[in-house]
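Chemist: Dropping the structure in here first, questions after.
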Amino acid sequence: MDCCADEGPARGDARFDIKKVADGVHVAVAAPAYKVNSNTAIIESDDGVMVVDTHSKPSAARVVIAHLRELTSKPVRYVVNTHFHWDHWHGNEAYPAAYPDAEIVSNQITREAMVKKGLKRIADHVRNMPAEIARLRADLAAATPAQRATLERDLRLAEGYLAEVKALTPALPTIAFERTMKLYRRDREIQLLHLGRAHTEGDVFVYLPKEKVVITGDAVIGWTPYMGDGYPEDWVATLDRLAELDFTHLVMGHGHVAGRDWLRTFRGYVHDMVEAVRREAAAGATLDEVKQRVTTALAPTYEKAFSAYDEYRPWRAGLAGNVERTFAMVS
Ligand SMILES: [Zn+2]
Ligand SMILES: [Zn+2]
């Protein structure tokens, strides 16, 4: 079966590698895309399926739905959003369209962030995409023959994305919980947890205690975290609460499935970055000096570990953004 037949105008962009993590638990690991896609966790229980996060556009979610139908004939009952970022919930509407009884679940903080910030950002995308498309057209006009194929592809994907984001009918959570929600199924227990602020104010973790699997959204990812809406000073304490859970598999918002080792490295990076920025800021350094000194200090320990997706998400650019956010918060 051609899994990607309904990929729509963005054909070729949304690709997923389906990995089994435990019995009935799979992850659709997103390949790098022009508009980044999140991973999706697929949790099958006796009476239906829960999926976690829905990518940057409905066509990407439909690719996962096609994969999902190869895994099971059971319906999706719950769609969980780990946080309000576009690349984790713009595809929501594909699920109730395919499974009319599907409920969309998140915590109250995340639902409010979708209403207050997420909807506005959709309008921003619609407004900003034409300029991005014009830039790609200009680059293409000036391109060497070797650069053309990539730029032509990006242009096609950018146009496809604009068409989709314009047509989006945002599907907000239909169920919102406060701190914790637990689902007890005959064969499985699923916990939705809020462990404190990290990548956003309302990060949701999905924990399967029996299978020892935890799904982290972007509170832990396979490359340098984005902190633009984050709380760098709270992040480590939240990760320490995560570390208290008994798990062996870490299913992250982006990147391959990892284990406890990666959580240690990731926590070390956030901790050391925040401490270094605090130290430099207290000593009176300017933002540019802090960026330069913290990069020099952290590179020997972290640059290689955070460069697995090198060109796609370069560590130094990510670090510069993290330093900027942290500096603004500590000074
Ligand atoms: Zn993300
Ligand atoms: Zn995010």
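The values are calculated or read from the model by the stated rules, or taken from the named source; none is laboratory data. Here the structure is a predicted model, which means the values were calculated and not measured. Here Cβ is always computed from backbone atoms with ideal geometry, including for glycine, and neighbour counts include all displayed protein chains.
Chemist: Restricting to the range 254-279, give me the number of residues that are outside any helix (DSSP H, G or I) and either within 16 Å of ligand 1 (Cβ to nearest atom) or surrounded by 15 or more Cβ atoms within 10 Å (Cβ to Cβ) (or both).
Modeler: Within the range 254-279, residues that are outside any helix (DSSP H, G or I) and either within 16 Å of ligand 1 (Cβ to nearest atom) or surrounded by 15 or more Cβ atoms within 10 Å (Cβ to Cβ) (or both) number 5.
Chemist: Need pairs with beta-carbon distance below 6 Å; first residue free of Cβ contacts under 8 Å to residues at least 60 places away in the same chain and more than 11 Å from Asp234 (Cβ to Cβ) and within the range 197-208, second assigned to a loop (DSSP other than H, G, I, E, B) and aliphatic (A, V, I, L, M); sequence gap 6+ or separate chains.
Modeler: Tyr207/Leu245
Chemist: Another one. For the range 51-88, give me each residue that is closer than 19 Å to Ile122 by Cα and free of Cβ contacts under 8 Å to residues at least 60 places away in the same chain.
Modeler: Thr54, His55, Ala60, Ala61, Trp86, Asp87
Chemist: Consider Val213 carefully, then state whether it is hydrophobic (A, V, I, L, M, F, W, C), buried (at least 19 other Cβ atoms within 10 Å of the Cβ) and more than 16 Å from ligand 2 (Cβ to nearest atom).
Modeler: Yes; evaluated as a whole, the condition is true for this residue.
Chemist: Then there is this: Tell me whether the range 175-188 contains one or more residues that are surrounded by 20 or more Cβ atoms within 10 Å (Cβ to Cβ), under 27 Å from His256 (Cβ atoms) and within 19 Å of the chain's Cα centre (by Cα).
Modeler: no
Chemist: Can you pull out every residue in the range 280-316 that is in contact (Cβ under 8 Å) with a residue 40 or more places away in the chain, part of a helix (DSSP H, G or I) and closer than 29 Å to Val36 by Cα?
Modeler: Listed by number, the residues that qualify are Leu287, Trp315.
Chemist: Condition (residue is in contact with a helix residue (DSSP H, G or I) (Cβ under 9 Å, 6 or more places away or on another chain) and either under 21 Å from Ala66 (Cα atoms) or among the basic types (Lys, Arg) (or both)) applied to the range 140-148: is it met by at least one residue?
Modeler: yes
Condition check ((1) touching a residue at least 12 places away in the same chain (Cβ under 8 Å); (2) aliphatic (A, V, I, L, M); (3) in the same structural domain as Asp13 (by TED's automatic domain parsing)) across all residues:
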position: Met129; (1), (2), (3): yes, yes, no
position: Glu132; (1), (2), (3): yes, no, no
position: Leu140; (1), (2), (3): yes, yes, no
position: Glu152; (1), (2), (3): yes, no, no
position: Tyr161; (1), (2), (3): yes, no, no
position: Thr174; (1), (2), (3): yes, no, yes
position: Leu183; (1), (2), (3): yes, yes, yes
position: Glu189; (1), (2), (3): yes, no, yes
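Chemist: Moving to a separate point now. Somewhere in the range 61-72, is a residue in a loop (DSSP other than H, G, I, E, B) and out of contact with any Pro (no Cβ under 8 Å at 6 or more places or on another chain)?
Modeler: Checked against the condition, which is being in a loop (DSSP other than H, G, I, E, B) and out of contact with any Pro (no Cβ under 8 Å at 6 or more places or on another chain), the range 61-72 yields at least one hit.
Chemist: Does the range 238-253 contain at least one residue that is assigned to a loop (DSSP other than H, G, I, E, B) and within 14 Å of ligand 2 (Cβ to nearest atom)?
Modeler: Yes, there is a match, as at least one residue in the range 238-253 is assigned to a loop (DSSP other than H, G, I, E, B) and within 14 Å of ligand 2 (Cβ to nearest atom).
Chemist: On to the next question. Can you tell me which condition Glu233 does not meet? The list is (1) touching a residue at least 12 places away in the same chain (Cβ under 8 Å); (2) surrounded by fewer than 15 Cβ atoms within 10 Å (Cβ to Cβ); (3) in contact with a Ser or Thr (Cβ under 9 Å, 6 or more places away or on another chain), and all the others hold.
Modeler: Result: Glu233 passes all but (2).
Chemist: Can you tell me which condition Val63 does not meet? The list is (1) in contact with a Cys (Cβ under 7 Å, 6 or more places away or on another chain); (2) over 21 Å from Val25 (Cα atoms), and all the others hold.
Modeler: Looking at each condition in turn, Val63 falls short on (2).
Chemist: Further, regarding this structure: Quick test of your reading of the structure: Gly222 fulfils all but one of (1) within 22 Å of the chain's Cα centre (by Cα); (2) surrounded by fewer than 17 Cβ atoms within 10 Å (Cβ to Cβ); (3) not in a helix (DSSP H, G or I). Name the failing condition by number.
Modeler: (2)
Chemist: Can you name every residue in the range 172-200 that is hydrophobic (A, V, I, L, M, F, W, C), more than 16 Å from ligand 2 (Cβ to nearest atom) and within 27 Å of Met227 (Cβ to Cβ)?
Modeler: Leu172, Ala176, Phe177, Met181, Leu192, Leu193
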